[in-house]
Amino acid sequence: MRLTRWEPFREMDELLKGFGPFFGRMPTTRMAEGEEFMPLADIVEREKEYLIKLDLPEVPKEEVKVLFEDGVLTIRGERKVEKEDKGDKVHRTERFYGMFERSFVLPDDVDTSAIRAESKDGVLTIHLPRTAHEKVRPRAITVQ
């Protein structure tokens, strides 16, 4: 009998793929050495805006770049490894360090010229204002 490690986030990732790219990729629970990590993100829809919140503890705002191009919002940066003092014994390390990147396909009703980002208490919050854009109603098209 062979034991297999259960990866709940992998199953969740497969489930969310069917809901479209706006949700982005789920973070992995394990990383190979040198692999990028993905900070955890919350996406909230409000009447007048969408919010994307990323957990970025100990990442200075100068190390974070927020880019928008071709309908995709990309957040990238780096969390650097803490310098160990001589005599310190590290018994366990569970936090991820290194480069990170998250990308999100934005809905059509985002006013891309008014996107703004702020960093406070280790959380990067990106405000995506919604336009007063009317939803397209379904209709039947007559075949000629």
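See the values below:
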read-out	value
Computed log₁₀ I(q)/I(0) - Debye formula, equal Cα scatterers, no solvent, the stretch 37-144, q 0.12, 0.20, 0.21, 0.24 Å⁻¹	-0.54, -1.06, -1.13, -1.36
Probe 1.4 Å, all protein chains present, accessible-area order of His127, His91, largest first	His91, His127
Size of charge dipole - the stretch 71-128 - debye, nearest 20, with Cβ of Lys, Arg +1 and Asp, Glu -1, no other charges	360
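The values are calculated or read from the model by the stated rules, or taken from the named source; none is laboratory data. Everything quoted here is computed from the prediction, not taken from an experiment. As a convention, Cβ positions derive from the backbone with ideal geometry for all residues, glycine included, and neighbour counts pool all protein chains shown. For the accessible areas, the whole protein counts, side chains as well, though only heavy atoms, and no ligand, DNA or RNA atoms are used. Shrake-Rupley method; radii C 1.70, N 1.55, O 1.52, S 1.80 Å.
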